[in-house]
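Working notes, structure below.
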Amino acid sequence: MKISICGKGGSGKSTISVLIARGLKKEGYDVLLVDADESNLGLHRLAGVPLPKNLMDHLGGKKGFKEKMAASKSLPSQGIFDERWSVESIPEQYIARADGIGLLLIGKIHDFGEGCACPMGVLSRTFLSNIDVAENETVIIDTEAGIEHFGRGIEGLCDVIIGVIDPTFESFMMAEKISAMGEKAGKAVFFVLNKVDEQIEAMMAEHTDREKVIARIPQDHGIFMKSLEGEALTEELSEIDRVCGFLRDLEI
Ligand SMILES: Nc1ncnc2c1ncn2[C@@H]1O[C@H](COP(=O)(O)OP(=O)(O)O)[C@@H](O)[C@H]1O
Ligand SMILES: [Mg+2]
């Protein structure tokens, strides 16, 4: 199963991606976490995995990638996607592993004025098109903030979309967009309400489609402190266990 985790900046996408990755590992899945957010710098710290060299840099950076794209007519294999991959068979140089979780980075912005992140979108799509995910494997994609990745067609290559909604009006509006675009892509869309307490949750319920809400994650001081200190998220939350059980039962 390929799961896209999306939502507005700061809503908790990276946090929820890591917690679900750990939860699905506990469920017995072989888990690959894909960092598709070109501005994320610390996902490896949250995941407790060493920092791998990103795919784009393996391909000679954006410049080298664009040149290779210009030279190829069809979906570019770029010389690294010559064979189809599974979570298990991704060549070791592209991935870092710890605690049974693999981490792969698509690409990062390195320099002032280097240009837009469109090549990262193309590379995300190429990667997701090239990976076969077996029944006991799962790929979790931590996307960049907002909904540009929908425009890039990333969700079309996923099985499940999870929108992370924090208590802001901006998030409610984004949830509507995510629902509409997910539906258009023909994909199952679910929501995780994040950073809630009872009072906030009651307010949020008015703005979200209850049937699609699969978890309500409390504002958790331990989670916040781990992020502040750049430490691995090892919190075990019953709500996350429930989400992972729900995802397992989808049998995708
Ligand atoms: N359930 C939570 N409880 C407390 N803090 C949270 C929770 N979820 C996320 N955060 C905090 O919110 C901030 C943004 O989270 P992050 O996962 O980086 O968001 P995003 O990836 O969507 O930008 C971080 O400081 C993180 O620790
Ligand atoms: Mg993030």
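Every number here is computed from the coordinates shown, using simple stated rules; none is lab data. What you are looking at is a predicted structure, and each value in this text was computed from that prediction instead of being measured. Every residue, glycine as well, gets a Cβ built from its backbone with ideal geometry; the counts of neighbours run over all protein chains shown.
Give me the extension gain from D249 to Q219: residue separation times 0.36 nm, minus the current Cα-Cα distance, reported in nm with one decimal. Intermediate results must be reported in sequence, preceding the final value.
Values: separation 30, 0.36 × 30 = 10.80 nm, distance 2.67 nm.
Net length gain for the segment: 8.1 nm.
Relative to the Cα centre, what is the charge dipole magnitude of the range 22-173, using +1 at the beta carbon of each Lys and Arg, -1 at the beta carbon of each Asp and Glu, and rounding to the nearest 20 debye?
The dipole magnitude comes to about 420 debye.
Roughly how tilted is helix 169-185, in degrees to the nearest 10 and between 0 and 90, from the longest Cα axis of the chain?
60
Just to confirm the number: angle between the C-alpha axis of helix 238-249 and the first principal axis of the chain, 0 to 90 degrees, nearest 10?
For 238-249 against the chain, the angle is about 60 degrees.
Along the charge dipole of the range 2-249, Cβ charges K/R +1 and D/E -1, which of A232, H207, L128 sits furthest on the positive end?
The one lying farthest along the dipole's positive direction is L128.
If one computes P(r) from the Cα atoms of the range 104-160, what percent of pairs lie at distances over 13 Å?
Working: 1026 of 1596 pairs.
Cα-Cα pairs in the range 104-160 separated by more than 13 Å: 64 percent.
Just the number, please: percent antiparallel of the DSSP beta bridges in the range 2-249, rounded to the nearest 5.
10
With a ≥ b ≥ c taken as the square roots of the eigenvalues of the C-alpha gyration tensor of the range 97-211, please select rounded if a/c is under 1.5 and otherwise prolate if a/b is larger than b/c or oblate if it is not?
Values: a/c = 1.72, a/b = 1.47, b/c = 1.17.
Verdict is prolate for the range 97-211.
Angle between the Cα long axis of helix 118-130 and the longest principal axis of the chain, 0 to 90 degrees, nearest 10?
Helix 118-130 sits at roughly 90 degrees to that axis.
Quick one: compute a quarter of the convex hull surface over the Cα atoms of the chain and quote it in nm².
The directionally averaged projection comes out at 13.1 nm².
K26: which lysines have alpha carbons under 18 Å from its alpha carbon, excluding same-chain residues fewer than 8 sequence positions away?
Candidates past the 8-residue exclusion: K2.
At 1.567 mPa s and 4 °C, plugging the Kirkwood radius over alpha-carbon pairs of the range 19-165 into Stokes-Einstein gives what diffusion coefficient in µm²/s?
Stokes-Einstein gives a translational diffusion coefficient of 82 µm²/s.
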